[in-house]
Amino acid sequence: MQGKWMITASRMLWVLFLMGPMAALADAGDLRGEVTKLYDQKLKALFEHFHANPELSFVEFQTAARVKDELSEMGFEVHSGIAQTGVVALLRNGEGPLVMMRADMDALPVKELTNLPYASKIVAPNVEGQSFPVMHACGHDVHITSLVGTAEMMLAIKDQWSGTLMLIAQPAEEWKDSGAAAMRAAGIWERFGTPDFALGMHVAADIEAGKLFASTGAAYSAVDSLDIVVPGIGAHGASPHRGRDPVVIGAQIVVALQTVVARELSPREPGVITVGVFRAGTKRNVIGEQARLELTVRSDSTATRERLLAAIERIAINVGRAGGLPEDRLPYIELKGGVPVTANDPEVAQRVITAWEQDLGADQIADYEREGMGGEDFPFLTQDPYIPSVYFSVGGTEPARAAAFEAAGQSLPSHHSPLFEISPRPAVISGILGTVSALRALMPVR
């Protein structure tokens, strides 16, 4: 009989196989050989299954079921169906801290154009019923495969750590409504306990495959999505003096916004204001009643975020005034959502980096500096209450692949590209190694 707390005979044989050599290897900080065996014998097939069968945000039902089955067979206490498809798994191992590791599950509405033998051919509906080609174009298949592998390793070395391990498979990191926020709203901390520490990871196409990186500051940027609504006063296009043209006023706002980062932020403080959409007009000879600008705003600190948002509003209102709009028809801001800064706890980040150096070697750690200002919903799990956390990166691109694109004068396909391709073996292996090393550092034997 197999219950929630039981381990199948085949699973027990696997665990016993691992535990023999692993105990000695773990003492020396050398888990690589056993993690490599695990990848070759099990996780390779699991990764290819996840990659070939992607699901969109909040409809990751089959993905969640597979993660649940894998963790349940190991003997984890598994809870599913949280915020639609979220999974929480617990492994209690004596006294000590509660430490959470999160992996996101969802894919993107992108048609895969790689030549991988396990490339996705899936076309499926999203949560709103619209059908799209679906692809793991952001590496979440690496994340959930690494989560399962981490569970195997932590179970096999239970004598090496003490406390409670919480594994989270999260829906909808890529959706307009955050899956992390949805899981918090579903009361996961109230039900399962508030973690003492939290970990997360993301595979990175611009880091050498297998390398690890953790910032002691911002791992990802705050993202604010907002619209500037520019009222106008309609008129005939042949009589523009009778109206106030929202297209001209909107264009002046776009140009003026380009000065904010260049002239109002310190040159050493990152920030982005991008106007991605400009909507206005219905006919070439009509001056319309409204223009709408759709913006994404990025920042790495609360102070910078507040400064950027205040400057955007100030410019929009006053360009409207300069364009002759009356006080009751000035431009205004509509906030559409966003995510906070993913800020690593400096002390905990250094603790993790030190553990990596001791367990895996300093050459495992990448010399890396972010080039873009991508965002993450991970902070919805680590703020209010504040949970000391580390969100780290795992390299996913082999040097030869990067060199081939460079030699051809082409950019390496980025995340969210239909040509996005990760080298799964080194990425998954290092994802597990980095996570296990960090968990052991945060949950020492008492």
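The values are calculated or read from the model by the stated rules, or taken from the named source; none is laboratory data. Since this is a predicted model, take the numbers as computed values, not measurements. Ideal geometry is used to build each Cβ from the backbone, glycine not excepted, and the neighbour counts take in all protein chains shown.
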Query raised in the report: Does GLU398 qualify as being out of contact with any Asp or Glu (no Cβ under 7 Å at 6 or more places or on another chain), in contact (Cβ under 8 Å) with a residue 12 or more places away in the chain and either in the same structural domain as THR216 (by TED's automatic domain parsing) or of a type in the set (Ser, Thr, Tyr) (or both)?
Result: yes
Query - The lone exception for GLY81 - which of (1) outside any loop (DSSP other than H, G, I, E, B); (2) over 22 Å from the mean Cα position of the chain (by Cα); (3) surrounded by fewer than 23 Cβ atoms within 10 Å (Cβ to Cβ) it fails - result: (2)
Requested in this report: Quick one: in the stretch 306-337, of everything that is part of a strand (DSSP E or B) and under 15 Å from ASP224 (Cβ atoms), which residue is nearest to the chain's Cα centre (by Cα)?
Outcome: GLY337
**Report entry** Wholly within the stretch 185-295, strands (runs of 3 or more DSSP E) carrying at least 2 residues that are farther than 25 Å from THR342 by Cβ
**Finding:** 222-231, 271-280
Query - Single match in ALA238, ALA209, ALA205, ALA169 (criterion: surrounded by fewer than 24 Cβ atoms within 10 Å (Cβ to Cβ), in contact (Cβ under 8 Å) with a residue 24 or more places away in the chain and closer than 22 Å to TYR39 by Cα) - result: ALA205
Query raised in the report: In the stretch 212-228, what residues are of a type outside the set (Phe, Trp, Tyr) and either in contact with a helix residue (DSSP H, G or I) (Cβ under 9 Å, 6 or more places away or on another chain) or crowded, with 21+ Cβ neighbours inside 10 Å (or both)?
Result: LEU212, ALA214, SER215, THR216, GLY217, ALA219, SER221, ALA222, VAL223, ASP224, LEU226, ILE228
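Those residues that are in a loop (DSSP other than H, G, I, E, B), farther than 16 Å from ALA204 by Cα and small (Gly, Ala, Ser), I need them from the stretch 398-423; list them, please. Before the answer, list the steps.
Initially, the stretch 398-423 is screened for residues in a loop (DSSP other than H, G, I, E, B), giving 398, 408-423.
Of the ones still in play, those that are also farther than 16 Å from ALA204 by Cα are 408-410.
Scanning the stretch 398-423 gives ALA408, GLY409.
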Report summary line: Scanning the stretch 104-149 for residues that are of a type in the set (D, E, K, R) and surrounded by fewer than 24 Cβ atoms within 10 Å (Cβ to Cβ) gives LYS111, LYS121, GLU128
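I need the full set of residues from the stretch 296-305 which are assigned to a helix (DSSP H, G or I) and surrounded by fewer than 21 Cβ atoms within 10 Å (Cβ to Cβ), in order please. Explain how you work it out, then say what you get.
Initially, the stretch 296-305 is screened for residues assigned to a helix (DSSP H, G or I), giving 302-305.
Within the stretch 296-305, THR302, ALA303 qualify.
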Query raised in the report: Just checking, which of ASP141, ASP104, ASP159 is farther than 21 Å from TYR39 by Cβ and touching a residue at least 60 places away in the same chain (Cβ under 8 Å)?
Result: ASP159
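One line per residue, one yes/no per condition, for (1) assigned to a helix (DSSP H, G or I); (2) closer than 26 Å to HIS49 by Cβ:
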| residue | (1), (2) |
| --- | --- |
| MET373 | no, no |
| TYR386 | no, no |
| ILE429 | yes, yes |
| ARG440 | yes, no |
